[in-house]
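Visitor: Let me give you the structure first, and then I'll get to my questions.
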Amino acid sequence: MIQRADCEHVVVDQGRSESILQEFYQLTLLTHRRHKVPPQPLAWFRNIIECCGNRATIYMARVDNRPIASILTLRHKKSLVYKYGGSDKRFHKIGAMPRLLWEAIQGAKSEQLLELDLGRSSQDNQGLTRFKDRLGAARSPLQYWRSSGASAWGTCERLASRTTKYFLPRLPDSLFRLVGELFYRHAG
């Protein structure tokens, strides 16, 4: 897929400027809508960049100067952490995401980082786990513990989740972003 991206003239740049942040955010909105989950507010990502400084990097893939995929990585000690990503689904087949990760890996290697952390994945998300497996990721299980009163809460949570997943993708952009701002109100 990396070679395909190169054949398709996918160009990758990186930075932390306001313009690249805006493009990254638009791609994350597309991805969150596709996955039927509320988006983090733009302020969330601005705070990450402000707090992390040069340890945060946005990688942007473009075709004909059009943003098609993007990732945000964080450096911590000797690790590079893939934290957030977004893409335009119409361009998935040309390999932009693998190309972005390859670029991030090359940068991490030049900085003598030792590990790429691809983050957690739900066992239900087979596409994401397969993608990470193809990159050579090593799986490690995570245990989650819930309090004894969690079963009643879990039923309400599942109902709210189904309702949300039905309505979220149908909201206009302004309301979709507002839901994310309300959901992530601690981000500002």
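The values are calculated or read from the model by the stated rules, or taken from the named source; none is laboratory data. Fair warning: this is a prediction, and the values are worked out from it, not measured in the lab. Backbone-built Cβ (ideal geometry, glycine too); neighbour counts: all protein chains shown.
Visitor: What tally of residues in the stretch 68-92 results from selecting those that are surrounded by fewer than 19 Cβ atoms within 10 Å (Cβ to Cβ) and acidic (Asp, Glu)?
Guide: The qualifying residues number 0.
Visitor: Still on this model: Answer yes if at least one residue in the stretch 96-111 is basic (Lys, Arg) and in contact (Cβ under 8 Å) with a residue 60 or more places away in the chain, and no otherwise. Working first, answer last.
Guide: Just the residues of the stretch 96-111 that are basic (Lys, Arg), to begin with: 99, 109.
Filter again for in contact (Cβ under 8 Å) with a residue 60 or more places away in the chain, leaving 99.
Looking through the stretch 96-111, at least one residue is basic (Lys, Arg) and in contact (Cβ under 8 Å) with a residue 60 or more places away in the chain.
Visitor: Restrict the check to the stretch 48-65 and report whether at least one residue is out of contact with any Pro (no Cβ under 7 Å at 6 or more places or on another chain), within 20 Å of residue 137 (Cβ to Cβ), free of Cβ contacts under 8 Å to residues at least 60 places away in the same chain and not β-branched (Val, Ile, Thr).
Guide: Checked the stretch 48-65: at least one residue is out of contact with any Pro (no Cβ under 7 Å at 6 or more places or on another chain), within 20 Å of residue 137 (Cβ to Cβ), free of Cβ contacts under 8 Å to residues at least 60 places away in the same chain and not β-branched (Val, Ile, Thr).
Visitor: Exactly one condition in (1) among the β-branched types (Val, Ile, Thr); (2) farther than 23 Å from residue 138 by Cβ; (3) under 17 Å from the mean Cα position of the chain (by Cα) is not met by residue 73; state its number.
Guide: Against the list (1) among the β-branched types (Val, Ile, Thr); (2) farther than 23 Å from residue 138 by Cβ; (3) under 17 Å from the mean Cα position of the chain (by Cα), residue 73 comes up short only on (2).
Visitor: Can you spot a residue in the stretch 10-17 that is crowded, with 18+ Cβ neighbours inside 10 Å and more than 18 Å from the chain's Cα centre (by Cα)?
Guide: Yes, the conditions are met somewhere in the stretch 10-17.
Visitor: Taking only the stretch 21-48 into account, find how many residues are buried (at least 20 other Cβ atoms within 10 Å of the Cβ) and either over 15 Å from the mean Cα position of the chain (by Cα) or among the polar types (S, T, N, Q) (or both).
Guide: 2
Visitor: For the stretch 22-32, enumerate the residues that are at pLDDT 95 or above and among the polar types (S, T, N, Q).
Guide: 22, 26, 28
Visitor: Then there's this: From the list 95, 53, which one is within 29 Å of residue 165 (Cβ to Cβ) and over 14 Å from the mean Cα position of the chain (by Cα)?
Guide: Answer to the selection: 95.
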